[in-house]
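A quick write-up on the structure given underneath.
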Amino acid sequence: MSKKITIEPVTRVEGHGKVTIHMDNQGKVYQTRLHIVEFRGFERFVQGRPYWEAPVLVQRLCGICPVSHHLAAAKALDVIVGAGTGEGLTPTGEKMRRLMHYGQIFQSHALHFFHLSSPDFLFGIDADPNIRNVIGVALKHPDLAVQGVMMRKFGQEIIRATAGKKIHGTGAIPGGINKNLSVEERDEFLKGADPLNADKMVSWAQDAVEFFKGYYKANKEFIDNFAHFPSNHLSIVRKDGAMDLYHGVLRAVDAEGKKILHDVDYQEYNKYIEEEVRSWSYMKFPYIKELGQDHGWYRVGPLARLNTCDFIPTPLAQKEFELYKSLTNGKPNSFCLHTHYARLIETLHAAEVIRDLLNDPDLLGDDLVIKGTKQKEGVGLLEAPRGTLFHHYRINDNDQIEMANLIVSTTNNNEPMNRSVNYVAKSIMDGKQEITESMMNAVEVAIRAYDPCLSCATHALGKMPLEIKLYDDNNNLLDAKKSQ
Amino acid sequence: MSNLVKFRIDKTECMAEAGKYIVEAAKENGIYIPTLCNMPGVKPQGACRICTVRINNRLMTACTTPIADGMEIEMDIPELNDLRKAIVEMLFVSGNHFCPACEKSGDCELQALAYRYQMFVPRFPYEFPQKEVDASSTRIIKDQNRCIFCKRCIKSVKDEQGRSYFAFRHRGHKLEVVLDKELGMSMSEEKAEQAMQSCPVGSILVKEKGFSKPIGKRKFDHSPIGSDIKL
């Protein structure tokens, strides 16, 4: 008898989603899908609003990465107010935004690794779910838990100082920023009491990379064999090929490292990227037009970024990058769980960038905003923690938004997430008579690797019930299990 | 000859010039009575009723009632505070006040009163009315979603000939405050700024200036509305 297994909701991710696994008469998995079950509708209800509201309005998509939406929208509106396409802001405007962005990367990566994913590594994916969570980490590994919490706090304090609030601030405005950094704020971040200072954050970020390397050494087979499949990779990179998470040109490489998008201007992204709609999910499936739907899908996020960039422009992260690249002989890395490794190298990079920026006197300047000849349309891209984020707006003659198109990071990762889920379900559930909790968690581990913000929805971090349901081929419920 | 009179607000002995409106007299004595439709330089109108006080068991609007000798005024009592809170709640549910994306957030008097009276969930159902955003003026946007019909803009924003830039249109539930098309197109930057300042909420916005004031510098970021009134 064929079966349909539903995992709903998926736990320890941001947002709400479910996974359905269909098995045939022989117990073979023949279809697995990650469904996004919420509809947000921001692209529609931003229409008619004055354009300068967009950075504040659209950031409400998310409570984890609002800064990314805030800045991507502001970058698109920079174009509309004639402030250039990412390189025309005043030094203070540009650097304050970068500080905000790297603070966001730092806090979000810390949240993702320490709070959401580390329980799987510290306790094992088949450990008792009662301890396989952030509380379990705090009880069994208090030093690591404190490190995670304080790293996140530091990043959020950076956001507060640049955006006005830790969550849903207003710092970035079209053409620049609405505040500079005070000397007191800067000194607090540079010389603050241990551990909340930039040097300590760099040191802790190094420790986190070492932690993962140690884990990898002991669990190489598991890490390398978990949802490993080739893909294209896409991100923005600096014009010289360096990693740049705030601004750059659009680059994509295939599984062999060959460039398939050649450092193009993202203002013309819709010449290169298309989105496909499928009936069973509210999330679209983007792909590179030239390669088509079947071959043009790509990964975004930390794994992709370390595959597209040529180097990392900060010394400590560059050293780790070289070691990381040597694992695949310089070729693109397609090991799903190496995403965590890449994420921690980026965390180190973010800590270094933050420290460098804090030592830059431009942050204290008073020239905050620049404007030029107004345009009707603008595109803003940046690398959010989860991957490339696209914001595109068009306004009418009365300064009201008449069109918005957002391609969020998780949407870009839709196809690879579905493939990862399918890969894991096939490899661990095929032919099994009983579906265990650890099997379900393994499916979730694949999703968590992408650090997904499934609906870009705000919700409190907490334990959500995991439920599995078995159906026969007539959709009759045969059995149901809930996690503890 | 002095024409000072003595009166009491919630048992506090006060003195003020006879004939002053209660709101002003209270302010001089360091007592805050909340207002929304009232603004300095404009004849009080008693429209919003948020300043309602009780005098001799009668409910009176403090912005339109002159002070008199020996007056006993009840102001900061649970019954009246709940009435004020109910008015704030009604204003919220009858419009579309989405504070998170409003550039007046932190400077908005309605929002500040909601905080002062600890409004969490309104007791009335939300109406979610369909409202227009008029962005046709070169200087300002009139967002009908947020208008509370206080008339402050109608009464205070006028051109050199005394003509109001704003006026009421329609009646009953269709009532709205609209910008005169012709005057709106010739509005100066200074006049646009005055119009935005006159609005206690975020219904009148100067174009392309939104969010230029950082969080921390807004009017009610650090202290609640009314806390500036003290002796």
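Divide by every residue of chain A the summed helix terms, -39500 (n - 2.57) for each DSSP H run of at least 4, and state the resulting mean residue ellipticity at 222 nm, rounded to the nearest 500 deg cm²/dmol.
Using -39500 (n - 2.57) per qualifying helix, the result is -12000 deg cm²/dmol.
Ignore the peptide's own chain and count Cβ atoms of other chains within 10 Å of each Cβ in B:203-214; give me the average, rounded.
6
Can you give me the Cα centroid spacing of segment A:217-231 and segment B:189-210 in angstrom?
58
Mind sorting A:CYS62, B:CYS14 by how few other Cβ atoms lie within 10 Å of their own Cβ, fewest first?
Least to most surrounded, the residues fall as B:CYS14, A:CYS62.
Dimensions of chain B along principal axes (Cα, Å, largest first)?
53, 44, 39
Arrange B:LYS142, B:LYS158 by Cβ neighbour counts within 10 Å, fewest through most, would you?
Going from least to most buried by this count: B:LYS158, B:LYS142.
What is the average number of partner chain Cβ atoms found within 10 Å of a Cβ in B:93-100?
Across B:93-100, the average partner-chain Cβ count within 10 Å equals 1.
Just want the ordering: A:HIS228, A:HIS338, A:HIS112, from fewest to most Cβ atoms lying within 10 Å of their own Cβ.
Working: A:HIS228 15, A:HIS338 23, A:HIS112 30.
Sorted ascending by nearby Cβ count, the order is A:HIS228, A:HIS338, A:HIS112.
Rounded to two decimals, what is the ratio between the C-alpha radius of gyration of chain A and 2.2 N^0.38 Å?
In units of the globular-protein estimate, chain A measures up at 0.95.
Angle between the Cα long axis of helix A:338-358 and the longest principal axis of chain A, 0 to 90 degrees, nearest 10?
It is inclined by approximately 20 degrees.
Along each principal axis of its Cα atoms, how long is segment B:4-76 end to end? Whole angstroms, biggest number first, please.
That gives 27, 25, 18 Å along the principal axes, largest extent first.
DSSP H helices in chain B with Cα extent of 18 Å or more along the helix axis and mean Kyte-Doolittle hydropathy at least 0.0? Mind showing how you got there, number by number?
Working: long enough: B:78-94 (24 Å, 0.35).
Helix filter hits for chain B: B:78-94.
With charges set only on the Cβ (+1 for Lys and Arg, -1 for Asp and Glu), what does the dipole of chain A come to about its Cα centre, in debye to the nearest 20?
Result for chain A is approximately 640 debye, rounded to the nearest 20.
What does the structure give for B:101-109 when I average, per residue, the other chain Cβ atoms found within 10 Å of the residue Cβ?
Shielding by partners across B:101-109 averages 3.
For segment A:279-336 and segment A:113-147, what is the centre-to-centre distance using only Cα atoms, to the nearest Å?
Computed from Cα coordinates, the inter-centre distance equals 27 Å.
Can you tell me the orientation of helix A:91-110 relative to chain A, as the angle in degrees between its alpha-carbon axis and the longest Cα principal axis, to the nearest 10?
20
Is segment B:85-206 best put as rounded, prolate or oblate by its Cα gyration tensor, with a ≥ b ≥ c the root eigenvalues, rounded for a/c under 1.5, and otherwise prolate when a/b is larger than b/c, oblate when not?
In terms of gyration-tensor shape, prolate.
Angle, helix A:315-326 long axis vs. longest principal axis of chain A, Cα atoms, 0 to 90°, nearest 10?
With both axes taken from Cα atoms, the answer is about 30 degrees.
State to the nearest 20 debye the size of the charge dipole of segment B:82-148 about its Cα centre, where the only charges are +1 on K and R beta carbons and -1 on D and E beta carbons.
The dipole of segment B:82-148 has a size of about 120 debye.
No lab work stands behind these numbers, since they all come straight from the coordinates. Keep in mind the model is a prediction, meaning the values are calculated, not measured. Note that we place each Cβ from the backbone using ideal geometry, even for glycine, and neighbour counts take in every protein chain shown.
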